[in-house]
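*Asks:* Shown below is the structure under consideration.
The values are calculated or read from the model by the stated rules, or taken from the named source; none is laboratory data. Since the model is a prediction, treat every value here as computed from it, not as a measurement. Counting neighbours? That spans all protein chains shown, and the Cβs are built from the backbone with ideal geometry, glycine included.
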Amino acid sequence: MAKKREKVDKLTTDAYKGVRDFYPEEQAFLNYLFATMRGVAKHFGYEEYHASILEPAELYKAKGAENEEIVREQTYTFIDRGGREVTLRPEMTPTLARMVARKRREMGFPLRWYSIPNVFRYERPQRGRLREHWQFNADIFGSPSPVADAEIMLLAHSLMRAFGATDEDFIIKLGSRNFLDSIVEELDLSPQHAKALRHLLDRKNKITRQEFTREVEELGIAVETLSPKKVPSDVAEILALLKYLGVSNAQFDPAIVRGFDYYSGVVFEVFDTHPENRRAMFGGGRYDNLTALFDAEELPAVGFAAGDVTFKDFLSVRGLLPEYLPNAKVYIAIARADFASEAMRLAGELRKNNVSTAVDFGDKKLSEQIKAAVRHGIPYLIVFGEDELVSQSLRVKDLASGKETVLARGELSSFFTTL
């Protein structure tokens with residue numbers, strides 16, 4: 001009597017909540033995104049760096065209770081097998097500051113660096129925000145000049161334009177932590193009220209005007225106080241520089257404060273203007289005291305970070321997503337399995353002439369091989385069999401139009417390279 005098979009629970013095929021699998025089409029978009037970002041950074045003379053995703057947890061706790069709260073509630077922090085508390089990086093800036101502080105005596109300043117790391121935040125997944133994403137970072141170290149701030153914002157502007165955006169598609173909004181600090185000092189706000197005001201301003205665009213007014217008044221602050229009659233001088237100087245450099249879509253917004261404590265001067269955010277996606281896409285600003293965590297001497301710095309998720313949303317609503325094209329230009333199907341080795345030789349000839357070629361292995365029907373080429377989106381098909389081996393003449397089929405072209409074997413490479 002046959003033994004009854006025990007029921008075994010199958011593993012789920014779903015990815016961990018808040019992260020993504022990148023199938024070839026999604027990976028192709030990511031590659032396009034990275035290539036475009038790298039191209040802009042290189043044109044500005046920035047050098048690429050990278051680091052491990054693991055950092056000591058104290059790196060993020062070091063800026064006080066607010067950052068410790070972020071580590072406790074929004075990061076992936078755990079004890080490793082050596083008893084050390086480590087964190088999957090939630091952002092790149094502290095890592096960068098650590099790296100620069102470590103070798104600052106060996107470096108020439110100003111320093112222009114960029115990276116495209118993946119970062120992790122344990123928070124509720126929602127539109128434009130996941131638990132893991134990829135992030136373009138660009139930073140300048142070693143210059144307190146407002147021209148450095150203007151260059152970082154010009155780079156952000158150029159990044160948007162490189163993806164096909166017009167100046168009407170986005171706005172660069174500038175704020176000032178110095179302006180906010182002056183309000184805190186003028187009103188003699190307690191540290192708790194100052195923190196609450198900063199958080200309230202940071203989410204102003206996510207709540208109604210009525211809610212904002214009510215919460216400001218609950219802090220004992222008149223709303224008018226937060227709307228200066230003139231643009232703060234530090235912001236005005238950078239706006240003038242940007243205008244001179246051809247950036248016409250930058251403006252002052254006192255609500256732009258950025259969430260992290262380490263920002264110390266002018267900050268900015270890039271906003272999408274599309275009615276279906278009105279939101280802040282990314283931002284950054286000046287942080288002149290972060291390296292002091294590692295070194296008694298402060299080093300001025302300014303930079304920004306832009307995530308892949310918000311960029312994809314921006315491009316999607318405007319129809320700017322690139323068309324997916326497979327790597328292979330031609331697919332060789334074979335009439336019988338015993339022609340596989342000869343088909344591989346033909347593919348080798350094409351590849352030597354820079355024609356990307358995929359070959360079937362002949363372990364299924366010819367009709368199924370052709371269906372595979374279509375499903376992969378490969379534009380051209382060659383069927384290889386005994387007739388082709390004898391005549392050394394091959395029929396190239398355009399799978400989109402159905403058009404066929406007969407060519408001698410030696411003509412194939414030049415045919416594909418001229419398409």
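The rows are residues; the columns are (1) under 30 Å from residue 253 (Cβ atoms); (2) in contact with a Pro (Cβ under 6 Å, 6 or more places away or on another chain); (3) among the small types (Gly, Ala, Ser).
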{"residue": "291", "(1), (2), (3)": "yes, no, no"}
{"residue": "302", "(1), (2), (3)": "yes, no, no"}
{"residue": "323", "(1), (2), (3)": "no, no, no"}
{"residue": "346", "(1), (2), (3)": "no, no, no"}
{"residue": "378", "(1), (2), (3)": "no, yes, no"}
{"residue": "383", "(1), (2), (3)": "no, no, no"}
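*Asks:* Further question on the same structure: Starting from residues that are assigned to a strand (DSSP E or B) and among the β-branched types (Val, Ile, Thr), keep the ones in the stretch 405-418 and report whichever is surrounded by the most Cβ atoms within 10 Å (Cβ to Cβ).
*Replies:* First, the residues of the stretch 405-418 that are assigned to a strand (DSSP E or B): 405-408.
Checking which are among the β-branched types (Val, Ile, Thr) leaves us with 405-406.
Numbers: 405: 13, 406: 10.
Result: 405.
*Asks:* Identify, please: which residue in the stretch 383-404 is in contact with an Asp or Glu (Cβ under 8 Å, 6 or more places away or on another chain) and closer than 30 Å to residue 25 by Cα and is, among those, surrounded by the fewest Cβ atoms within 10 Å (Cβ to Cβ)?
*Replies:* Per the criteria, the residue is 404.
*Asks:* Right, here's the next one. Going residue by residue through the stretch 121-133, is there one that turns out to be under 27 Å from residue 317 (Cα atoms), charged (D, E, K, R) and touching a His at 6+ places or on another chain (Cβ under 9 Å)?
*Replies:* The answer is yes; a qualifying residue exists.
*Asks:* Further question on the same structure: Name the residues in the stretch 359-389 that are of a type in the set (A, V, I, L, M) and either under 10 Å from residue 333 (Cβ atoms) or part of a loop (DSSP other than H, G, I, E, B) (or both), would you?
*Replies:* So the first thing to find is which residues in the stretch 359-389 are of a type in the set (A, V, I, L, M), and the list is 359, 366, 370, 372-374, 378, 381-383, 389.
Within the stretch 359-389, 359, 366, 370, 372, 373, 378, 381, 382, 383 meet the criteria.
*Asks:* Another question, then. Counting only residues that are of a type in the set (A, V, I, L, M) and without any contact (Cβ under 8 Å) to a residue 24 or more places away in the chain, which one in the stretch 188-201 is surrounded by the most Cβ atoms within 10 Å (Cβ to Cβ)?
*Replies:* This residue is 200.
*Asks:* I'd like to check something: does the stretch 109-126 contain any residue that is more than 15 Å from the chain's Cα centre (by Cα), polar (S, T, N, Q) and at pLDDT below 95? Give the steps one after another, and end with the answer.
*Replies:* Narrowing the stretch 109-126 to residues more than 15 Å from the chain's Cα centre (by Cα): 109-113, 122-126.
Okay, now just the ones that are also polar (S, T, N, Q), so 126.
If we keep only those that are at pLDDT below 95 as well, we get 126.
Yes - at least one qualifying residue is present in the stretch 109-126.
*Asks:* Then there's this: Pairs only if they're at least six apart or on different chains, beta carbon under 7 angstrom, first in the stretch 176-187 and in the same structural domain as residue 262 (by TED's automatic domain parsing) and under 15 Å from residue 269 (Cβ atoms), second crowded, with 19+ Cβ neighbours inside 10 Å and among the polar types (S, T, N, Q); list them, first residue then second.
*Replies:* 177/264
*Asks:* In a helix (DSSP H, G or I) and at pLDDT below 85, is that true of residue 198?
*Replies:* On the way: in a helix (DSSP H, G or I): yes; at pLDDT below 85: yes.
Taking the combined requirement at face value, the residue satisfies it.
*Asks:* Those residues that are over 23 Å from residue 180 (Cβ atoms) and either at pLDDT 95 or above or in contact with a helix residue (DSSP H, G or I) (Cβ under 6 Å, 6 or more places away or on another chain) (or both), I need them from the stretch 276-298; list them, please. Walk me through it before giving the result.
*Replies:* Taking the stretch 276-298 and keeping what is over 23 Å from residue 180 (Cβ atoms), we get 276-278, 294-297.
Matches in the stretch 276-298: 276, 277, 294, 295.
*Asks:* OK, next. Among the residues of the stretch 306-351, what is the count of those that are in a helix (DSSP H, G or I) and either among the aromatic types (Phe, Trp, Tyr) or without any contact (Cβ under 8 Å) to a residue 60 or more places away in the chain (or both)?
*Replies:* Initial filter on the stretch 306-351 (in a helix (DSSP H, G or I)): 308-317, 337-351.
So of that shortlist, the ones also either among the aromatic types (Phe, Trp, Tyr) or without any contact (Cβ under 8 Å) to a residue 60 or more places away in the chain (or both) come out as 311, 314, 316-317, 337-345, 347-348, 351.
Within the stretch 306-351, residues that are in a helix (DSSP H, G or I) and either among the aromatic types (Phe, Trp, Tyr) or without any contact (Cβ under 8 Å) to a residue 60 or more places away in the chain (or both) number 16.
*Asks:* Are there any pairs, at least 6 apart or on different chains, whose C-beta atoms fall under 8 Å, with the first in the stretch 206-226 and within 15 Å of residue 193 (Cα to Cα) and the second among the hydroxyl-bearing types (Ser, Thr, Tyr) and surrounded by 10 or more Cβ atoms within 10 Å (Cβ to Cβ), and if so, which?
*Replies:* Between residues of the stretch 206-226 that are within 15 Å of residue 193 (Cα to Cα) and residues that are among the hydroxyl-bearing types (Ser, Thr, Tyr) and surrounded by 10 or more Cβ atoms within 10 Å (Cβ to Cβ), the close pairs are 223/213.
*Asks:* Still on this structure, I have one more. Is it true that some residue in the stretch 74-82 is surrounded by fewer than 14 Cβ atoms within 10 Å (Cβ to Cβ) and touching a residue at least 60 places away in the same chain (Cβ under 8 Å)?
*Replies:* Just the residues of the stretch 74-82 that are surrounded by fewer than 14 Cβ atoms within 10 Å (Cβ to Cβ), to begin with: 78-82.
Of the ones still in play, those that are also touching a residue at least 60 places away in the same chain (Cβ under 8 Å) are none.
Taking every residue of the stretch 74-82 in turn, none turns out to be surrounded by fewer than 14 Cβ atoms within 10 Å (Cβ to Cβ) and touching a residue at least 60 places away in the same chain (Cβ under 8 Å).
*Asks:* Quick one: which residue in 364, 397, 403 is assigned by TED's automatic domain parsing to the domain that holds residue 342, among the charged types (D, E, K, R), under 30 Å from residue 23 (Cα atoms) and modelled with pLDDT of 95 or more?
*Replies:* Values: 364 fails: modelled with pLDDT of 95 or more; 403 fails: under 30 Å from residue 23 (Cα atoms).
When all the criteria are applied, what remains is 397.
*Asks:* May I ask you to say which residue of 229, 243 is farther than 27 Å from residue 320 by Cα and either touching a His at 6+ places or on another chain (Cβ under 9 Å) or loosely packed, with under 15 Cβ neighbours inside 10 Å (or both)? Spell out the reasoning first.
*Replies:* Values: 243 fails: farther than 27 Å from residue 320 by Cα.
From the options 229, 243, the qualifying one is 229.
*Asks:* What's the number of the condition residue 234 fails, among (1) among the charged types (D, E, K, R); (2) surrounded by fewer than 17 Cβ atoms within 10 Å (Cβ to Cβ); (3) over 25 Å from the mean Cα position of the chain (by Cα); (4) farther than 21 Å from residue 164 by Cα?
*Replies:* Of the numbered conditions (1) among the charged types (D, E, K, R); (2) surrounded by fewer than 17 Cβ atoms within 10 Å (Cβ to Cβ); (3) over 25 Å from the mean Cα position of the chain (by Cα); (4) farther than 21 Å from residue 164 by Cα, the odd one out for residue 234 is (2).
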